[in-house]
Structure formats: C-alpha cells, structure tokens
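Worksheet: the structure to be examined is printed underneath.
The values are calculated or read from the model by the stated rules, or taken from the named source; none is laboratory data. As the structure is a prediction and not an experimental result, all values here were calculated from the model. Note that each Cβ is placed from the backbone with ideal geometry, even for glycine, and that neighbours are counted across all protein chains shown. For the accessible areas, the whole protein counts, side chains as well, though only heavy atoms, and no ligand, DNA or RNA atoms are used. Shrake-Rupley method; radii C 1.70, N 1.55, O 1.52, S 1.80 Å.
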Amino acid sequence: MPENFYIGGLGALMFGSIGIFLFVASYMIVDYMLKKVDFSEELNKGNISVAIVVAAMMLSIAIVISSVVH
C-alpha cells in the first residue's frame with residue numbers, strides 16, 4: 001500500500017510541475033505575441049477590463065493544460 005501511495009504522489013508532483021511549467025510558458029508566449037498591451041502596466045493602473053481578460057486567459061490555459069496532462 002505505501003509503495004502505491006508514493007508512486008501516486010510522485011506522479012501527481014511530476015504532472016503538477018509539468019502543468020505549472022506549461023502554464024507559465026503559455027502566459028509568456030501570449031504576453032510576447034500581444035506586444036501592444038503591457039499587461040503589468042495596465043494592471044498596476046487598476047484597469048479592471050485587462051484583469052478580467054488576463055483571468056479568463058489564465059483559466060482557459062489552465063483548463064487546456066489540465067485536459068492534456070490528465
């Protein structure tokens with residue numbers, strides 16, 4: 001029983017790391033492709049619409065990565 005538990009935990013940790021890496025890489029690619037909008041600057045200004053777009057983008061990327069990794 002403990003062997004399966006450790007193998008499952010190691011698999012979850014590995015796939016979680018892959019998912020986080022893919023998430024960050026995807027965000028950086030989208031940020032690079034959309035050079036007209038500086039997300040960090042707009043968020044610091046308090047632009048709510050940019051915050052909603054970034055949140056939706058992050059959620060959609062997370063759903064896709066979850067489907068791929070799972």
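What the table below lists for this structure:
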item	result
Scope segment 1-39; condition more than 23 Å from residue 63 (Cα to Cα) and either assigned to a helix (DSSP H, G or I) or in contact (Cβ under 8 Å) with a residue 60 or more places away in the chain (or both); matching residues	2, 3, 4, 5, 6, 7
Single unsatisfied condition, residue 42 versus (1) modelled with pLDDT of 85 or more; (2) open to solvent by 60 Å² or more (accessible area, probe 1.4 Å); (3) in contact with a helix residue (DSSP H, G or I) (Cβ under 6 Å, 6 or more places away or on another chain)	(2)
Pair list, Cβ under 9 Å, 6 or more apart: segment 41-70 residue free of Cβ contacts under 8 Å to residues at least 12 places away in the same chain, other residue among the charged types (D, E, K, R) and surrounded by 13 or more Cβ atoms within 10 Å (Cβ to Cβ)	49/42; 51/42
